[in-house]
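The values are calculated or read from the model by the stated rules, or taken from the named source; none is laboratory data. Computed from a predicted model, the values in this text were never measured in an experiment. Here the Cβ is made from the backbone with ideal geometry for all residues, glycine too, and neighbour counts use every protein chain on show. The protein model used for the area step is the full one, side chains on, heavy atoms only, and it has no ligands, DNA or RNA in it. Shrake-Rupley method; radii C 1.70, N 1.55, O 1.52, S 1.80 Å.
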Amino acid sequence: MKLQCAKTPPKPRWGEHSGDIGRKPTSPTSPIRFTIVPLLNGIEIHVELRGTPEMPRTLFLNGSGATLARTGPLLDMLATHLHVACHDQRGLGRTAVPPGPYSMADYASDALAVADHLGWSTFRLAGISFGGMVAQEVAVTAPERIERLALMCTSSGGSGGSSYPLHELVDMDPVERAHLYRSLLDNRFTDEWFEAHPSDKALQAMMNANGTTQKSTDTLRGEWEQLQARRHHDAWDKLDRITCPTMVTAGRFDGIAPLANSVAIASRIPEATLRIYEGGHVFFLQDSRVIPDIGDFLSQ
C-alpha cells in the first residue's frame, strides 16, 4: 500500500472544480444518453451514459439513497475524460423496486449486467460510499474484468471495519437524527465551525434539504432494502482477489466511513494507493482536488 496525503492544493489540471458539483455545466462535453437494461427477473435498470466511446469505459456506482437526478453534475465532470455509465441502483430513482430482501450480491450482479448490456468485457470501476461497497463486490466477483478501481469513503465490513449503521437513523426523532447526522457527515461540524466555514454550513443545508424531500411508499421501501443489504456487507476476506491498480480515497473527518476503514482496505488490496483528504464523508464536495485526482487515476 502506498500512502498519499493531499495537503497543498495543486494547480487545476483535470476536469472542473468540485465546488461546481451543485450546478450543471453550461456546455456539457456530450449529450446524456440513456438505456434500459432488462434483467431475467423482470427488473428494468435505468442507465445514463456520458462522454464518448473513445474515452476509457468507466462504471460509476452511487451511494446510499443517491440517484442519477442528484449526481448528474458530478458525472458530467468525470465525463470530460471518461466514458461514464451510471445507473439508478435497484429500488432507487427510475429503476424498478423489486420485492426484497436485496443482497450485496444482487447489487453487484446488477452492475455487471449493465456492463454486459453495454458490451464492456472490461472497464474501469468507481464507487462512492455504498457504491464503493458494491464496487468491492463486483471487483472480487469478476476481478479479470476490472481495469482500474477507485473507492471513495467506503468500508469493507468484517475485520476491516463497517460504516455507520445508517438503518438505525430511520426511526430516530428527526431533531436528534439531524444533530447526529451532522457530526457523522464531518466530525468537525459544530455551530462554531459553521460560523468560521460558511461553505460547510451551506453543504450541510444542502444535505438536510435532500433528506426532507417527499418520497413515495415504493421509494422508501427501496431505500430501506438498500440499507438492509448495506448492514450485511462484508468483502474483507475476499479483497486480496483484486489485482488491478486501485485508488482508495477518504476524508480525514468522516464519521460514516471512518478513515481507519479506508486504511484497512488499502492494506488488503495488493496494488492499492491510499489518498487522504481534509474533509468528511462528502470530502469530494469539500476539496476541489478529489474529482481531478480520481479522473487522472481512472484515465491512465
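A few points about this structure:
- GNM remark for the chain: springs join alpha carbons under 10 Å apart, and the peak mean-square fluctuation among Asp173, Asp200, Asp254 falls on Asp173.
- Backbone N within segment 101-126 under 19 Å of label point (7 Å from Val170 Cα along the Cβ vector): 101-107
- For segment 72-163: rounded, prolate or oblate by the Cα gyration tensor [a/c cutoff 1.5]: rounded
- Over the chain: helical MRE at 222 nm, DSSP H runs n ≥ 4 each giving -39500 (n - 2.57), nearest 500: -11000 deg cm²/dmol
- Listed values (1) 51, 46, 44; (2) 50, 46, 38; (3) 113, 42, 42, entry calculated as Cα extents along the principal axes in Å: (1)
- Net lengthening on full extension, Phe34/Ala260 (0.36 nm per residue, minus Cα-Cα): 77.6 nm
- When only alpha carbons are used to place a centre, segment 221-300 and segment 90-140 end up 16 Å from one another.
- Fraction of accessible area attributable to carbon and sulfur, the chain (%, probe 1.4 Å): 54
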